[in-house]
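Student: If you scroll down you'll find the structure; I have some questions about it.
The values are calculated or read from the model by the stated rules, or taken from the named source; none is laboratory data. Values in this document were obtained by computation on a predicted structure and should not be read as measured data. We place every Cβ from the backbone using ideal geometry, glycine too, and count neighbours over all the protein chains shown. Please note that ligands, DNA and RNA were not included when accessible areas were found on the heavy atoms of the full protein model with its side chains. Shrake-Rupley method; radii C 1.70, N 1.55, O 1.52, S 1.80 Å.
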Amino acid sequence: MEEVASQLNEEGIQKKLTSPGRGELSTFPDGTKVVFHYRTSLCDGTVLDDSRTMGGQSKPMELILGKKFKLAVWERVVITMRKGEVADFTCSTQHTALYHLVSQSLRNISAGKDPLEGQRHCCGIAQIHSHHSLGYQDLDALQASPQPLVFTLELLEVLPPGSFMLDVWAMSDKEKLDAVPQIHEEGNSLFKEGRIKEASEKYYNGIACLKNLQMKEQPGEEVWIKLDMMITPLLLNYCQCQLVQGQYYEVIEHCTSLLSKYEDNVKALYKRGKAHSAVWNEVEARADFAKVLELDPTLGPSVAKELRALEGKMRAKGREEKDRYKDLFGGNTQTASTSPA
């Protein structure tokens, strides 16, 4: 332990053990996944970030070692920890110069925003020297005046390579492509079990893998088209999940995007028709169902059922609107007399 502390000191890092961990120290080979809570503070004790409260939720950080995470010092210090250990690491400015960018991404993710917001058109060196606003006053101050920071880490899990599914961002291109069939199958199993939200997330992850690969290809070229054909069934399954969860406008948007490329895709037309029906878009729903019948007459019974449901919805909506206007005007008006006083 003293030898580790001495090595860290030479690198501009001071470690203070708060709570000892348990078991043997892992060897942490590249590809190991480490899961930990973190709190980042200025040296005066001012807290910048805390994974237990960020975005109103408690969500630990997950890192895959050897993937060149932007804040390299986290990888450096976590490999000195045992599972369950809590320690403070005071790190010199040379290790914290990029923290404002890392923090911005983590905060954006916790708020459901694009983690690269504000960084898309700026190279790494330019980011270091750029003084544009990051959208957070404390991070703007840190960007303008880099300083040492204290990272309080609690190591929760150490998962060896191969014992977990990589997140999309951490996969190589080959790993992304190889993972899609398994993700698709897992999504189908979850859907059959009625675990719709989890199935939706699986399909979304599969789409994300393929979209990431597709972005590297020229639209319309053979590889791009092949990837697009793989995306289509995943996107249709995702839309089915969204239908079940009542996200009708999202279904309309995705199916319309599909139909702009594959105008005779019966499944996309049918799902979009159901979504239009659910939000009382009668004309659009009837048009989609008519096209479905034209392309696949064997779906006649299913379409007839959907049209009966649509007619019922429209009648119910008409009665509701009639009652609303009746309550608004009926009994509250007086007939004006046209007779002279």
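Student: Exposed loop sites here are GluC sites (Glu not before Pro) in DSSP loop states with at most 16 other C-beta atoms within 10 Å. What is the longest stretch of the chain lacking them?
Tutor: Longest site-free region, per DSSP loop and neighbour criteria: 25-116.
Student: Run the simple label-point estimate for Asp50 and Thr256 please: 7 Å along Cα→C-beta, distance reported in nm.
Tutor: In this crude spin-label approximation the distance works out to 4.4 nm.
Student: Using alpha carbons only, what's the Rg to Rh ratio of region 214-267 with Rh from Kirkwood?
Tutor: Radius of gyration over Kirkwood radius for region 214-267 works out to 1.02.
Student: Let me ask you something else. Once the whole set of protein chains is in place, how much accessible area is left on Tyr204, using a 1.4 Å probe, in Å² to the nearest 10?
Tutor: Rounded to the nearest 10, that gives 130 Å².
Student: How much accessible area does Ser200 have with a 1.4 Å probe, in Å² rounded to the nearest 10?
Tutor: 10 Å²
Student: Pop out the carbon and sulfur fraction of the accessible area of the chain as a percent, whole number, probe 1.4 Å.
Tutor: Carbon with sulfur: 53 percent of the solvent-accessible area.
Student: Calculate, axis by axis, the spread of Cα positions in the chain along the three principal axes, and write the results as whole Å, longest axis first.
Tutor: 98, 71, 40
Student: Which of the trypsin sites (Lys or Arg not before Pro) found in region 1-87 are loop residues per DSSP with 10 or fewer other Cβ atoms within 10 Å of their Cβ?
Tutor: Arg22, Lys68
Student: Taking R0 as 51 Å, what FRET efficiency do you get between Ala72 and Ser302 from their Cβ-Cβ distance, rounded to the nearest 0.05?
Tutor: 0.35
Student: Next question. Taking the Cα atoms only, what angle lies between the long axis of helix 99-110 and the longest principal axis of the chain, rounded to 10 degrees?
Tutor: On a 0 to 90 degree scale, this one is about 30.
Student: Here's another thing I want to ask about it. Using a probe radius of 1.4 Å on heavy atoms only, what accessible surface per residue do you get for region 1-105? Whole Å² is fine.
Tutor: 50 Å²
Student: How large is Rg over Rh for region 168-238, taking Rg from the Cα atoms and Rh as the Kirkwood inverse mean of 1/r across Cα pairs? Please list the in-between numbers first.
Tutor: Working: Rg = 12.2 Å, Rh = 12.2 Å.
That ratio is 1.00, to two decimals.
Student: Roughly how many nanometres apart are two label points built 7 Å out from the Cα toward the Cβ at Cys43 and Val266?
Tutor: It is 7.1 nm.
Student: When the chain is fully extended, how far beyond the present Cα-Cα distance does Ser163 get from Gln147, taking 0.36 nm per residue of separation?
Tutor: Numbers: separation 16, 0.36 × 16 = 5.76 nm, distance 3.75 nm.
The Ser163-Gln147 span can extend by a further 2.0 nm.
Student: Right, another one. Mind checking the dipole of region 29-76: about its Cα centre, +1 per Lys or Arg Cβ, -1 per Asp or Glu Cβ, Debye to the nearest 20?
Tutor: Around 160 debye, computed over region 29-76.
Student: Per DSSP H run of at least 4 residues, take -39500 (n - 2.57); add these up for the chain, divide by its residues and hand me the 222 nm value, nearest 500 deg cm²/dmol. Write out the running numbers ahead of the final one.
Tutor: Numbers: 13 runs with 179 residues, N = 341.
That comes out to -17000 deg cm²/dmol.
Student: To test your reading of the geometry: what angle, between 0 and 90 degrees and rounded to tens, separates the Cα axis of helix 248-261 from the longest principal axis of the chain?
Tutor: Result, in degrees: 90.
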